[in-house]
1. Around residue 264, which amide H atoms from residues at least 5 apart in sequence, or from another chain, sit under 5 Å from its own amide H, with H modelled in the peptide plane?
2. If packing is taken as the average count of other Cβ atoms within 10 Å, what order do 85-93, 168-176, 252-260 fall into, highest mean first?
3. Which ³J(HN,Hα) values, rounded to whole Hz and listed in residue order, are derived for segment 161-166 from phi using the Karplus coefficients 6.51, -1.76 and 1.60 in 6.51 cos²θ - 1.76 cosθ + 1.60 with θ = phi - 60°, glycine and proline given as x?
4. Would you pull out the residues with amide H under 5 Å of residue 408's amide H, same chain only if 5 or more places away, H placed 1.01 Å from N?
5. Among 436-447, 367-378, 191-202, how do they line up from the highest to the lowest mean number of other beta-carbon atoms within 10 Å?
Amino acid sequence: MLGWIAQSIVLLLGMSVNESLARRHQLMAPSHQPSFVAPLQVAANNPSLRKLDRTQARIDDWTALYASFQADSPYAVDETGRPVGLKKDTVLAELQTPHSGRNFRPTHPSEKRLSSRLRALLPPWKRKQTPKPARGKRRFLTRSNRRFTEGWYYRLTLPEYNESFVFIFSIEDAGRWVKKGEKSPLTLACMQLLGPNDTYLVQSDDDDTKFWGWKDAQAFGCTFQYKQDFAKGETEKSVRDIAAMSPEEWREAVQTGFQILPFHLQGRLRGHDGSLGGVKANQGKTGRADFDMTLRPVAGWGDYPPLFSNASATDIDVFRRRYRQRSTAGWLASFPVFEPHWQITMAHARASGTLNWNGTTYEFQDAPFYGEKNWGGAFPIKWYWAQCNSFYGEPDLAFTAGGGIRQLPFSFLPGKQTETLGLIGIHYEGIFYEIVPWTGEMEWEVWPWGRW
């Protein structure tokens, strides 16, 4: 098994960047198999196909596991019934990877409300806060004083339609002030979608206070506009205080915007074709998209468990010992040293729901889904990336490769100024195979650079 996976890696890394990156958003379906999937077709014709039955049983067990949470939601809720985080000490919470939560500096009103509530729980003599600089005042060597962006990338593959869709969400320069009383002109909350025939839709808003995110789990969102009927029943302040909503309430409340919870992705885009203009409003031909789907993470970044329908305290202990998820870029990802940071949050997942793209509706069940994120104040000088989790005959296989050339800290000093790095990750039947520079030696070559 690992032999033909290794052959696939060699074939993949042997392709030119023009070939590999052109396939980044393509569907790995039987109708147009890329060359590095050929070993999979050979393997699919032998008696070992019995493993497909085991894989399907694993997927069925995942279905039973998620169904067991329908009666008892995996989310902790506030007094309004809205989700505020994942319940602790559950199997599903343990499957979150490191850095799944937000890294940007939140400016959403709900963050201030939560802080005041937590402060009220302290003894009176500890409630007094140290005076903070006035809003808009620059603070030396703080995040509000430097560029910062955080972005999330998700891909949905639909074999039955021979299509793939990409969802990119980002927040730039949240809470950044370039000088007293003046916000950064680059502050932006943005939703970008890639669809059939390389179509590209975008909608954005320069009000960063609309963007919220959970600190300890993969959940964030931005409501560009509420429905009028919903807004009438709320005061302006209470509407702006709303962060995460249940999927049912979100459908009733939101006119345009997006929300991702650990097990749900929703969005309504009323924007324009970004390939014909910029990302700001009214800069291109109008376009629209709606999506609403449940998510079932299968593998994060590490070993993933044989699946079962019950989750007990003993199971959670096993998860913590055996299936601890890892940082994609190693332990240094916890520090603002090497930027940008990179974390794969769902190397392999399943999605079920609907998507409407400019009037064409797609319905899907247990479709391959992938997720990752980046954050920081700089980008690599050069980079490459390839990923696939929709292999013919191998539903429990996910492959990821990436790397690049990045600038080292204190590069203004004499000596080495850049470093070259890369990694390969393979998730197969519950086991994670990782090839990284800090556990051995790795070489790669990309030619030519700068082409799709």
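1. 295
2. 168-176, 252-260, 85-93
3. 9, 6, 9, 10, 10, 10
4. 418, 419
5. Values: 436-447: 11.8, 367-378: 20.9, 191-202: 18.2.
Descending packing order for the listed peptides: 367-378, 191-202, 436-447.
Read-outs: derived from the displayed coordinates by stated rules, not from any lab. Just so it is clear, the structure is predicted and the values come from calculations on it, not from any experiment. Here the Cβ is made from the backbone with ideal geometry for all residues, glycine too, and neighbour counts use every protein chain on show.
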